[in-house]
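Working notes for the structure below.
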Ligand SMILES: [Cu+2]
């Protein structure tokens, strides 16, 4: 039994091209040819490109009614070929089993997308071998935009994705006009770098805990976005707010940057919105990279996924629909659980063991210095607050007790550039925060303080927002998934998205400046791309929370 | 933000205890402490011949009171997620007040619905005493309603847990309004199912338990696109089966 090797789309493809120096075709060429074949099939066929994209999500049955976003309805997308025949939909059985499955804002994000890629890779390889007489060991290439190679500028989309024709003269299916890039001028690249607030990175790789139940001791970090590496412990979640570190950055960031928002009409690119993203062939190379990072996190980082049975058995353990992929034109299903795709070394693919790996399993490509561990961070915090500590003299528990201590009054509409607001603190609740910081000791661990944007709604999926508290920068986040979360009758009940930010350091600094005795915090929210009229972003409430031990 | 495990369990246990307590009152009626019957008719004598006679036997106000108890027993556990959400989103000292106002709003909608429902029940009992026809008729309506897009719309709306204001009068007002709204979506999706056991001449209690199970299950399902669809919303049953299987498997290993 063979082991498939997924290779770098730049380095192993002669700089992201269709033809090797030796004049042979590259993996990218075979990918393009097989995508052509899948795109020639009608959406009715479960092995068509269009059906596969709808497995991730669609705006076809879930039609958008809001005139501002109708351009995202699949019937209006010019990239979709007439051969897709969108008027003849698959049977409702097929639609109910397979469509709208993608898992976002959840601990199922990494395994669901792994199964999705394995199924697609097998359909593509079948086409390459049987219909195109191509290489029998073909595997999906990955785009590692964080690679610091000196040979190629790998943060750019591989050139094969921007050519208009293939070497054989046919139209290049890898080229998608509805791709606008981070600055909206159709220059497609991923912003990487220390001087850009909304830049992609692989800091997530330092996180050592998959999810809350995998935190075996209290010194485990709860992650940059408070949901650990893999995400929040939810049921089936076709879009949600419990986004893990890997999913937020780089995953969501890259979606937003590649899709982008067009300068000419402020429209989102296909990659920027979950229900259109999988139409773009770059999607699968992006996800192969995310999958590679997860594999590296396990193998090189020596981190384990959670052993929680509700994760291993998948969403059916919580009464939800199962994960499944069609493997042939008649719609035969490969049902899978996270346990089936727990390791790339033995994926349980349709009753057989399927093995693949990557030509690069470095834990990080961009970040070089691991962050301080939680225990040291705590020591640093104690010394900052002037608490004398004896090494190991304090004990943190896993207990986390969040409590609201302040909130904005009324909802907030974000302006194009920056929106400032005051978030009022409730005096008695806030006093408990300042008390806990002032009376901090090794036996009384001071509170942590969080800011949460609650009920964020809008349709600016490719956009980013940056949050500041009392003029200090906190963090930037991507709004990938916002439109679906704001639609009624979608899978979320239009509650919008929530975003959580740890602002403990800023509060500690205020304490050191003797400024804790205040009745409000100044919060400023900046959007990366401008917001045009009718496409504003609203925030139901900004909440400030203390999390005590 | 997620409520701490301790508070989460406290809410769950409190709500379920209240609900169970009321169930015991309704089903067992220990020591006959309840002077009224929650079940509609138990006409044991000759069939009622006049409305006033029926009302004598089934006075309207005690009937409505029984209806209220039934709503508390059956529906309270469904409110756990909303109450948890109110708790985590409110200042500590107001958590109970806002949750209470929400429940109050919710129950009052069911009581208003109850006025009509009890009138219908009494009316049908008067016209067709001890007949299965009203129950069968309602059952058919409930089935049609069950698979309709309108019902799906109501269920979807039931997932609309909005963020409430945190301060002052607006916070109290909106908690109550949230209860009203949530109650309306709940009555909208469940009125026919609730009516059915009330019209059954026999096996009323069993039907009530089954309806509770179905109603809790269907509110656990994710929102879906509203359309005509044959779909059994037995999520609670699926969870129980799946979790039992997992437990058994863990024991074997
Ligand atoms: Cu993605």
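Quick look at the numbers
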{"read-out": "For the range A:395-548, alpha-carbon Rg over 2.2 N^0.38 Å", "value": "1.11"}
{"read-out": "Global form of the range A:2-358, assessed from the alpha-carbon gyration tensor, a/c cut-off 1.5", "value": "rounded"}
{"read-out": "With Cα atoms, 0 to 90° folded angle of helix B:204-220 axis to chain B main axis", "value": "30"}
{"read-out": "Per-bin percent of Cα-Cα distances, the protein assembly as shown [20 Å]", "value": "15, 45, 31, 9, 1, 0"}
{"read-out": "Nearest-0.05 FRET efficiency for residue A:83 and residue A:20, computed from C-beta distance (R0 30 Å)", "value": "0.50"}
{"read-out": "Structure-based [θ]222 nm, chain A - -39500 (n - 2.57) summed over DSSP H runs of at least 4, per residue, nearest 500", "value": "-6000 deg cm²/dmol"}
{"read-out": "Distance between the range B:179-248 and the range A:231-252 - C-alpha centres, whole angstrom", "value": "29"}
{"read-out": "Distance (nanometres) between label positions extended 7 Å along Cα→Cβ at residue B:111 and residue B:231", "value": "3.4"}
{"read-out": "At R0 = 35 Å, FRET efficiency that the Cβ-Cβ distance of residue A:126 and residue A:307 yields, to 0.05", "value": "0.55"}
{"read-out": "For chain B, built as a Gaussian network whose Cα springs stay under 10 Å, the top-fluctuating residue of B:152, B:243, B:63", "value": "B:243"}
{"read-out": "Residue B:61/residue B:18 FRET efficiency (R0 25 Å; Cβ-Cβ; nearest 0.05)", "value": "0.65"}
{"read-out": "Considering only the protein assembly as shown, percent of DSSP beta bridges that pair antiparallel, nearest 5", "value": "90"}
{"read-out": "Inter-label distance, nm, simple model (7 Å from Cα along the C-beta direction), residue A:439/residue B:173", "value": "3.8"}
{"read-out": "Relative contact order, percent, chain A [alpha-carbon distance under 8 Å, six or more residues apart]", "value": "16"}
{"read-out": "Dimensionless Rg over Rh [the range A:267-421; C-alpha; Kirkwood]", "value": "1.07"}
{"read-out": "Label-point separation, residue A:520 to residue B:240 (7 Å along Cα→Cβ), nm", "value": "5.2"}
{"read-out": "Packing rank of A:255-264, B:131-140, where each peptide gets the mean count of other beta carbons within 10 Å, highest leading", "value": "A:255-264, B:131-140"}
{"read-out": "Percent antiparallel among DSSP beta bridges (both partners in the range A:2-358, rounded to 5)", "value": "60"}
{"read-out": "Backbone N under 20 Å from the residue A:332 label point (7 Å along Cα→Cβ), restricted to the range A:76-114", "value": "A:91, A:93-95, A:97-99"}
{"read-out": "Helix axis angle, B:168-199 relative to chain B longest principal axis, alpha carbon, degrees", "value": "40"}
{"read-out": "Spin-label zone in the range A:1-17 - amide nitrogen under 20 Å from a point set 7 Å from the Cα of residue A:299 along the C-beta vector", "value": "A:1-13"}
{"read-out": "Largest to smallest principal axis extent of the C-alpha atoms in the range B:5-252, angstrom", "value": "57, 49, 41"}
{"read-out": "Contact order normalised by residue count of the range A:23-165, Cα under 8 Å, 6+ apart, percent", "value": "25"}
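The numbers here are math on the coordinates, done by the rules we state, and not lab data. Remember, it's a predicted structure, so these values are computed and weren't measured experimentally. Neighbour counts are summed over all protein chains in view; Cβ atoms, including those assigned to glycine, are modelled from backbone coordinates with ideal geometry.
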